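In what follows, a structure is listed as structure tokens, so that the remarks can point back to it.
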Amino acid sequence: MTEDPPISTTNVEILRWLHATPSERATSTDGRIVYAVGDIHGCYVQLAALLEAIVADVEAADVGLPPLLVFCGDYVDRGPQSANVLTALIWLARHAALDVVFLRGNHEVMLLDFVEHPEQNLAWLQRDGESTLSSYGVPLADIVPSALDEECFRLRDRLLDRMPASHLEWLRELPVTHMCGDYVFVHAGLKPGVPLSKQDEEDCLWIGKDFLQADYRFEKVVVHGHSWSSEAPVVTANRIGIDTGAYATGVLSAVRFEGPRIAFLQARLRGMGETTVAFRGPQTSPGGL
Ligand SMILES: [Mn+2]
């Protein structure tokens, strides 16, 4: 079984700022406050701190409809505590006084593919999945790489012994996109030139520069994760990227929409961030976000 999650988030700093310019294209969030959270990748401590900050923000706001909280996928792999992240998210879905949507990321797909066909997913196991198996108490450390194609079935079975059934069930049900007001939420992005209703699932989960470098205007502004280059979220005319590489930078980001107003929250683990240029958002606005 998984270890108890650490409860201290004192080593995490919360940063909040209002984006300088309101969105011109996206003015509607269907009358509610909407939050979207970027790629967590097993970074449970930052997730816990960010959720605390979001809950406090919700309590301070004068809201009619319950706020919507969208997670943009890639909950597992790379970071240290994937099992605890899934436990926390499933708890949140059951208990939070928010509407919560969890999107599918390509790392959730790779984990499920490993469960179905371990022998075909050894590259994932060695590259990104090792930390996820380890978080469920299934270490790979004593297995030599050349033995993996035989050992992978045993590793899969040990993982299934230790993974709560609710985790597997939850992973299998994640939707690929979600829409609210003038925004569409998706893990990786969308294929330029293709209407929202005709998007291919593979593109939604995996697309890279074909989406990032295009200035194509979809029917809605795209909010996505999957690709990061620094600790700063990216805002362009057609998309908002909120993956800030938490597993490498220590920084987990969320965006907050209220009508045309765009704001950001970040949970920053102290003592990390050497891999990128330090980023400080503009200071907190006086009235909160
Ligand atoms: Mn991804």
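The values are calculated or read from the model by the stated rules, or taken from the named source; none is laboratory data. Please read all numbers here as calculations on a predicted model, not as lab measurements. Cβ: placed from backbone, ideal geometry, glycine included. Neighbour counts: every protein chain shown.
Somewhere in segment 162-172, is a residue of a type in the set (S, T, Y) and either over 15 Å from L112 (Cβ atoms) or touching a strand residue (DSSP E or B) at 6+ places or on another chain (Cβ under 8 Å) (or both)?
In the first step, residues of segment 162-172 are kept if they are of a type in the set (S, T, Y); the result is 166.
With the extra rule that they be either over 15 Å from L112 (Cβ atoms) or touching a strand residue (DSSP E or B) at 6+ places or on another chain (Cβ under 8 Å) (or both), the set shrinks to none.
No, segment 162-172 has no match at all.
Out of all the residues in segment 166-212, which are of a type in the set (D, E, K, R) and either within 13 Å of the ligand (Cβ to nearest atom) or touching a Cys at 6+ places or on another chain (Cβ under 6 Å) (or both)?
Applying the first criterion (of a type in the set (D, E, K, R)) to segment 166-212 yields 169, 172-173, 182, 191, 198, 200-203, 209-210.
Selection gives E202, D203.
What number of residues in segment 219-248 are within 14 Å of the ligand (Cβ to nearest atom), of a type outside the set (S, T, N, Q) and closer than 18 Å to R268 by Cα?
Result for segment 219-248: 9.
Does L140 meet the test of being more than 16 Å from the ligand (Cβ to nearest atom), within 30 Å of R32 (Cα to Cα) and modelled with pLDDT under 95? If you could, list the steps in order and put the result at the bottom.
Values: more than 16 Å from the ligand (Cβ to nearest atom): yes; within 30 Å of R32 (Cα to Cα): no; modelled with pLDDT under 95: yes.
Here the answer is no, as L140 does not meet what is asked.
In the set A60, A56, A26, A49, which member is of a type outside the set (D, E), away from the ligand (no atom under 16 Å from the Cβ) and without any contact (Cβ under 8 Å) to a residue 24 or more places away in the chain? Write out each step before concluding.
Numbers: A60 fails: without any contact (Cβ under 8 Å) to a residue 24 or more places away in the chain; A26 fails: without any contact (Cβ under 8 Å) to a residue 24 or more places away in the chain; A49 fails: without any contact (Cβ under 8 Å) to a residue 24 or more places away in the chain.
Sole residue among the options that is of a type outside the set (D, E), away from the ligand (no atom under 16 Å from the Cβ) and without any contact (Cβ under 8 Å) to a residue 24 or more places away in the chain: A56.
For segment 95-138, which positions are in a strand (DSSP E or B) and either in contact (Cβ under 8 Å) with a residue 40 or more places away in the chain or not hydrophobic (A, V, I, L, M, F, W, C) (or both)? Walk me through how you get there before you give the answer.
Start the filter on segment 95-138 by keeping residues that are in a strand (DSSP E or B), which leaves 99-102.
Of everything in segment 95-138, those that are in a strand (DSSP E or B) and either in contact (Cβ under 8 Å) with a residue 40 or more places away in the chain or not hydrophobic (A, V, I, L, M, F, W, C) (or both) turn out to be D99, V101, F102.
Of all residues in segment 149-197, which are without any contact (Cβ under 8 Å) to a residue 60 or more places away in the chain, surrounded by 12 or more Cβ atoms within 10 Å (Cβ to Cβ), among the charged types (D, E, K, R) and part of a loop (DSSP other than H, G, I, E, B)?
Correct list: K191 only.
Could you list, in sequence order, all residues of segment 234-261 that are buried (at least 23 other Cβ atoms within 10 Å of the Cβ) and modelled with pLDDT under 95?
none
Say whether the condition of being more than 12 Å from the chain's Cα centre (by Cα) and closer than 18 Å to F264 by Cα is met by at least one residue in segment 36-47. Lay out the reasoning, then the answer.
Our first condition is that a residue be more than 12 Å from the chain's Cα centre (by Cα); within segment 36-47, this holds for 45.
Checking the rest, the ones that are also closer than 18 Å to F264 by Cα come to none.
Scanning segment 36-47, I find no residue that is more than 12 Å from the chain's Cα centre (by Cα) and closer than 18 Å to F264 by Cα, so the answer is no.
Among the residues of segment 71-85, are any more than 16 Å from the ligand (Cβ to nearest atom), assigned to a loop (DSSP other than H, G, I, E, B) and out of contact with any Lys or Arg (no Cβ under 9 Å at 6 or more places or on another chain)? Show your work before the answer.
Start the filter on segment 71-85 by keeping residues that are more than 16 Å from the ligand (Cβ to nearest atom), which leaves 80-81, 83-84.
Keeping just the survivors that are assigned to a loop (DSSP other than H, G, I, E, B) gives 80-81.
Restricting the remaining residues to those that are out of contact with any Lys or Arg (no Cβ under 9 Å at 6 or more places or on another chain) gives 80-81.
Within segment 71-85, one or more residues are more than 16 Å from the ligand (Cβ to nearest atom), assigned to a loop (DSSP other than H, G, I, E, B) and out of contact with any Lys or Arg (no Cβ under 9 Å at 6 or more places or on another chain).
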